[in-house]
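Trainee: Please find one structure pasted underneath; my questions will follow.
The values are calculated or read from the model by the stated rules, or taken from the named source; none is laboratory data. As the structure is a prediction and not an experimental result, all values here were calculated from the model. Cβ sites come from the backbone with ideal geometry, for glycine too, and all protein chains shown count toward neighbours.
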Amino acid sequence: MSQRNWAEKPSGYKPARVDDVDEESPRPDAVEYKRYNLFTCNEWGLEIVTSIGSLAILAVVAYIFSDVDGKPLSAWTLPISLNALVSVLTTTASAAIMHGVSAFISQLKWLHFKNGPQKLEHLEKFDGASRGPWGSLKFLVSMKLNLATIGALITIVRLGLSPLAQQVVKIDERSVNSTIDENVTFGFAHAYNRGVIFADLRTFSGGIPQDPNMQAAILQGLYNISTPATFACPVSCKWQGSYVSLGFTTECRDVTQTTLQSQVCEHPTDSIENCNMTTPGNIGLSSHRQHTEWGTRYQMNVSLSKRPDEFPELARFAIYRASPDHNFQLLDVNVTECSLSLAAFNYTDAQSNGTAFAFGDTQEIDLGGKEFWSITNRSYFFDGTRFTSNSKATNLPAFELCYDDLQALQDFFRSEAITTEWVDGSAAASAIKSILPPILVNLVIFFLGFDYWLTRKYGKSNTMVNDVIPTS
């Protein structure tokens, strides 16, 4: 018979040994985390330095702007231009500030997740904002406001820092006050004295040398011919203050009715009529006509003033105008009387630009009568003509007039260039007095346009005369 062997039953269970695989016994060489000082490179030292440095650079740029403001470009002596230096500094400031901003945004990412559960995509948005403007823009439109929002705004705004800073620098042309420069001048006159000496004079007034420059200036004024002003300026100039110059002024009035009342006519034949008349200023005029043959269209006559008894007036002009019809009947008769007088003109705000020259304001000054002029012992010119204390004008310079130059000027007024007649009709009219040369027709027409003359107050002629009156 077989025999079974049975193992003994264990008397009890023993617990198995369990090892925790997640825990690892500390190694003897493990180093504990040590927090560094806040201002070291291992912490925030470099970011703090770059942030403060960027602000310092911007302060330097602001100082440069305040230092060069209003100064001429010649005051900048550095080898690098102002715009280039501003560009370098602003680019450096932008790079410095972005170093710190990028680090701040990256750190704020962890603080964002530390506050509680967040979407994983927020991690990508914070990283994008720390990298550049495009990520910062997406961060602004998709994330709630937090401290990182300020960093994103700085990242975007700093793109315009350098261009806008360079736009602050503007170099333009300005007028500067300079010392007296003999090369910067304009013409005005305090004297009419060509320096005529005794050897130039003759025993009769017609022998006084004529003044072609003055005659040309008068004709140019009458014809309204523009000529360049007498001035010298390299580019653009402006003269401060006021300048007083010697010149001429005129006054005209319509005396047709009064003059025609004095008209007396004679008839040598049935077809010829000769009429004489006198203006209120005692200037004689005449008109002539022959039926169907000829008739007077214009006549100009002049009355010279006595010097210095009738100062400031130098001459008085009378102009007769008519419109002959087909039978040479004189119609639409007009008589104008004008006086030419000495005057002074106060010019202010003189300025030139290139070839242009003009005064900001011109005011006429009345010189008064004979009592305001003094005469030297020399018989042929006035010397040192000055205003007396009785003058209404003050702070005026001394004016000087040469007697012989005034006499030459009056001789010119007496000549046929001024005193003349123009007759329409047949060639027989040449026997009357003189036929006006065609070139002088416009001269008479100008005198007849007294409304225009009153408006301009002889300003064109005065300006040209000032340019030719020699100063002493």
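Trainee: Please verify whether S94 is assigned to a helix (DSSP H, G or I), in contact with a Leu (Cβ under 6 Å, 6 or more places away or on another chain), at negative phi and at pLDDT below 85, treating the condition exactly as stated.
Mentor: yes
Trainee: Please state which of the following conditions V61 fails to meet, knowing it meets all the rest: (1) surrounded by fewer than 16 Cβ atoms within 10 Å (Cβ to Cβ); (2) within 30 Å of I171 (Cβ to Cβ).
Mentor: Here V61 meets the rest and fails (1).
Every residue, every condition in (1) over 30 Å from A84 (Cβ atoms); (2) touching a Phe, Trp or Tyr at 6+ places or on another chain (Cβ under 7 Å); (3) at pLDDT below 80, yes or no:
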site	(1), (2), (3)
E124	yes, no, yes
K144	yes, no, no
Q167	no, no, yes
V176	no, no, yes
G207	yes, no, yes
N213	yes, no, no
C233	yes, no, no
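Trainee: Determine the pairs where a residue that is closer than 18 Å to L164 by Cβ, located within segment 73-99, has a partner that is surrounded by 14 or more Cβ atoms within 10 Å (Cβ to Cβ) and of a type in the set (D, E) with Cβ atoms under 6 Å apart, the partner being 6 or more residues away or on another chain.
Mentor: none
Trainee: I'd like the full set of residues that are β-branched (V, I, T) and modelled with pLDDT of 90 or more, limited to segment 241-268.
Mentor: Listed by number, the residues that qualify are V255, T256, T258, T259, V264.
Condition check ((1) in contact with a Gly (Cβ under 8 Å, 6 or more places away or on another chain); (2) hydroxyl-bearing (S, T, Y); (3) modelled with pLDDT under 85; (4) in a helix (DSSP H, G or I)) across all residues:
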| residue | (1), (2), (3), (4) |
| --- | --- |
| I48 | yes, no, yes, yes |
| S51 | yes, yes, yes, yes |
| I57 | no, no, no, yes |
| F65 | no, no, no, yes |
| P79 | no, no, no, no |
| K109 | no, no, yes, yes |
| H112 | no, no, yes, yes |
| Q118 | no, no, yes, no |
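Trainee: So which residues in segment 314-351 are acidic (D, E) and more than 18 Å from G284 (Cα to Cα), if there are any at all?
Mentor: Answer for segment 314-351, where residues must be acidic (D, E) and more than 18 Å from G284 (Cα to Cα): D325, D332, D349.
Trainee: Hey, N282 hits all of (1) of a type in the set (S, T, N, Q); (2) in a loop (DSSP other than H, G, I, E, B); (3) over 30 Å from D405 (Cβ atoms) but one; which does it fall short on?
Mentor: Of the numbered conditions (1) of a type in the set (S, T, N, Q); (2) in a loop (DSSP other than H, G, I, E, B); (3) over 30 Å from D405 (Cβ atoms), the odd one out for N282 is (3).
Matching residues to (1) within 29 Å of N395 (Cβ to Cβ); (2) not in a loop (DSSP other than H, G, I, E, B):
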{"site": "N274", "(1), (2)": "no, yes"}
{"site": "T296", "(1), (2)": "no, yes"}
{"site": "S303", "(1), (2)": "no, yes"}
{"site": "D309", "(1), (2)": "yes, no"}
{"site": "N327", "(1), (2)": "no, no"}
{"site": "L331", "(1), (2)": "no, yes"}
{"site": "V335", "(1), (2)": "no, yes"}
{"site": "S339", "(1), (2)": "yes, yes"}
{"site": "L342", "(1), (2)": "yes, yes"}
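Trainee: Within segment 146-168, can one find any residue that is touching a residue at least 12 places away in the same chain (Cβ under 8 Å), within 37 Å of the chain's Cα centre (by Cα), surrounded by fewer than 14 Cβ atoms within 10 Å (Cβ to Cβ) and closer than 30 Å to F231 by Cα?
Mentor: no
Trainee: Can you work out which of the residues in segment 257-314 that are surrounded by fewer than 16 Cβ atoms within 10 Å (Cβ to Cβ) and among the hydrophobic types (A, V, I, L, M, F, W, C) is nearest to the chain's Cα centre (by Cα)?
Mentor: Among those that are surrounded by fewer than 16 Cβ atoms within 10 Å (Cβ to Cβ) and among the hydrophobic types (A, V, I, L, M, F, W, C), it is L260.
Trainee: I've got another one for you. I'm told G70 meets every condition in (1) surrounded by 16 or more Cβ atoms within 10 Å (Cβ to Cβ); (2) at positive phi except one. Can you identify the failing condition by its number?
Mentor: Evaluating G70 over (1) surrounded by 16 or more Cβ atoms within 10 Å (Cβ to Cβ); (2) at positive phi leaves (1) as the failure.
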